[in-house]
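The next block holds one structure in the form of structure tokens; read it before the comments.
The values are calculated or read from the model by the stated rules, or taken from the named source; none is laboratory data. Just so you know, these numbers come straight off a predicted model, no measurement behind them. So basically every Cβ, Gly included, is an ideal-geometry build from the backbone, and we count neighbours across all protein chains shown. Just the protein is used for accessible areas: all its heavy atoms, side chains included, with ligands, DNA and RNA removed. Shrake-Rupley method; radii C 1.70, N 1.55, O 1.52, S 1.80 Å.
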Amino acid sequence: MASPILPAFTVRRGEPVLVSPAAPTPTETKALSDLDDAEGMRFYSSGIHLYRADPTKQGVDPAAVIREALARALVPYYPLAGRIREEAGRKLVVDCEAQGVMFVDADADLTAADFGDVQSPPFPCFEQFILEATTVAGVEPVIDRPLLYIQVTRLKCGGFIFGQRFCHCVVDAPGGMEFEKVICELARGEPGPSVPPAWGREMFMARQPPQPSYPHPEYSEPAGGADRMLATPASDMARVPFFFGPREIAGLRQRAPPHMGRSSRFELVAACIWLGRTAALGYGAEEEVRLSFIVNARGRPDVPLPEGFYGNAFAYSVAATTAGELCAGGLGYALELVKKAKSAVTYDYLLSVADLMVLRGRPLFALARTYIVSDVSHAGFKSVDFGWGAPVYGGPAKGGEGPLPGVTNYFSRSKNGKGEEGTVVPICLPKDAMDKFQLEVQGLTAEIV
């Protein structure tokens with residue numbers, strides 16, 4: 001599961017240009033939802049797709065094909081070509097004036113084969129294949145900046161890498177994939193999107209008057225002292241991908257209490273990592289520890305989203321207890337808390353989050369002794385086909401987002417050397433905690449005979 005070591009290479013970028021919609025679009029201001037403009041959404045999320053050469057595309061420049069399709073896709077998705085502006089109360093709106101998205105083409109003296117069988121984040125040397133947004137004092141501002149940055153890097157074998165950075169205020173992972181699929185449809189010669197986009201942000205506006213109906217502990221600091229995860233320098237962290245395949249999942253199922261019913265793969269893996277991580281980090285018995293994870297509202301019968309909605313349609317739900325209770329309760333107790341938190345997210349819960357955002361100035365979720373998880377296994381990364389076939393790799397560029405390594409994690413699908421499919425999680429912990437964490441996970445996943 002280790003990332004391949006690439007040979008020495010150079011990426012030669014062209015001059016970045018703004019790509020505007022290919023046809024006239026409405027000039028207007030559109031309000032983002034009260035979920036979109038939360039502090040935790042004000043960053044750029046990055047993704048990468050790697051493609052092999054296609055003999056039928058010899059002489060065809062993928063950068064030119066994608067750039068033309070991008071301009072056409074921005075006609076129905078014209079808000080993505082706009083700019084965010086902040087109004088009173090930290091409310092964000094998008095000024096739609098066809099300002100454009102940032103695009104650059106590049107060349108690298110690498111082949112697709114140099115990346116080996118890469119299947120999980122972080123993508124090797126990802127910084128070279130995504131066009132970084134401008135930072136101010138180490139922070140990426142989203143106000144008055146392009147909402148999308150794209151880099152297409154041609155490889156010397158005829159393949160290419162598609163790298164993108166989306167402003168999370170305007171799209172979540174499934175929404176971003178919907179836009180990329182439209183670019184793909186147009187690049188493959190379709191006349192227009194098979195599913196027209198829908199703005200629909202009024203679905204997640206705060207009620208009047210705002211009245212949060214849930215406690216939302218994720219936006220308050222947990223009880224306890226300082227968290228070493230927030231203070232350990234990146235140079236003192238170890239990074240190890242953990243693979244949860246059929247054997248590991250079977251071991252976890254053996255330890256799951258029968259009265260809980262069948263647990264999902266996500267529930268089992270999340271509970272296992274949270275439990276093992278808490279033990280490895282050595283938190284005090286009375287200190288509060290949390291598992292915070294994204295629960296997507298798409299497909300839920302009580303959330304009437306319009307077809308083609310591409311905004312943020314999720315909430316963070318939290319499982320919380322003390323470190324002592326979690327370690328003493330074991331996997332069964334962790335699973336119970338995960339299931340309870342997962343089932344709490346309803347449409348009313350989402351509106352309650354929107355209400356809280358307005359009342360409390362759109363706060364950032366708490367980070368201390370909190371493990372934050374985003375499961376992108378079903379986001380559709382492998383369905384992004386610009387006409388060169390399915391990608392060799394499709395997924396997040398990084399193992400997690402944010403400036404603090406190890407606090408956030410992506411769960412993604414992958415295969416091991418035996419061809420078995422499973423969930424891969426790129427864990428990042430202080431070096432002295434990683435060995436203990438590995439032992440904890442081995443103990444939780446080993447088959448009981």
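At a glance:
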| quantity | calculated |
| --- | --- |
| For the range 134-197: span of alpha carbons on each principal axis (Å, largest first) | 42, 36, 18 |
| Derived scalar couplings ³J(HN,Hα) [the range 40-53; Karplus, 6.51 cos²θ - 1.76 cosθ + 1.60; whole Hz; x for Gly, Pro] | x, 9, 8, 7, 9, 9, 10, x, 9, 10, 10, 10, 7, 5 |
| Length released on extending from V11 to K340, taking residue separation times 0.36 nm less the Cα-Cα span | 113.7 nm |
| Solvent-accessible surface (1.4 angstrom probe) belonging to E307, in square angstrom, nearest 10 | 140 Å² |
| Under 13 Å, Cβ to Cβ, from T322 - net charge with Lys/Arg +1 and Asp/Glu -1 | -2 |
| Where labels lie 7 Å past Cα in the beta-carbon direction, separation of S194 and D432 in nm | 5.4 nm |
| Which listed pairs, of K181/K436; K91/K382; K30/K57; K398/K431; K156/K431; K156/K181, have C-alpha distances above 31 Å, in listed order | K181/K436; K91/K382; K30/K57; K156/K431 |
| Fraction of accessible area attributable to carbon and sulfur, the chain (%, probe 1.4 Å) | 54 percent |
| Accessible area (Å², per residue) of the range 390-449, counting only protein heavy atoms and a probe of 1.4 Å | 43 Å² |
| Radius ratio Rg over Rh of the chain, counting only Cα atoms, Kirkwood formula for Rh | 0.96 |
| Inter-site label distance for A390 and R228 at 7 Å from Cα along Cβ, in nm | 4.2 nm |
| Percent RCO, i.e. relative contact order, over the chain, from Cα pairs under 8 Å lying at least 6 residues apart | 24 percent |
| Computed FRET value (nearest 0.05) for D54 with A285, which takes r as the C-beta separation and R₀ as 60 Å | 0.55 |
| More than 19 angstrom apart: percent of Cα pairs within the range 1-151 | 62 percent |
| Computed FRET value (nearest 0.05) for S383 with E127, which takes r as the C-beta separation and R₀ as 35 Å | 0.85 |
| Local net charge near G192, Cβ-Cβ under 9 Å (Lys/Arg +1, Asp/Glu -1) | -1 |
| Rg and Dmax of the range 302-399, Cα atoms only, in Å | 17.8, 53 |
| Gained length - E325 relative to A64, 0.36 nm times residue gap less alpha-carbon distance | 88.2 nm |
| The range 142-272, Cα convex hull volume normalised per residue, Å³ | 322 Å³ |
| Pairwise centroid distance, computed over Cα atoms, of the range 170-243 with the range 1-77, Å | 18 Å |
| In nm, spacing of pseudo-spin labels at K30 and R90 (7 Å Cα→C-beta vector) | 2.4 nm |
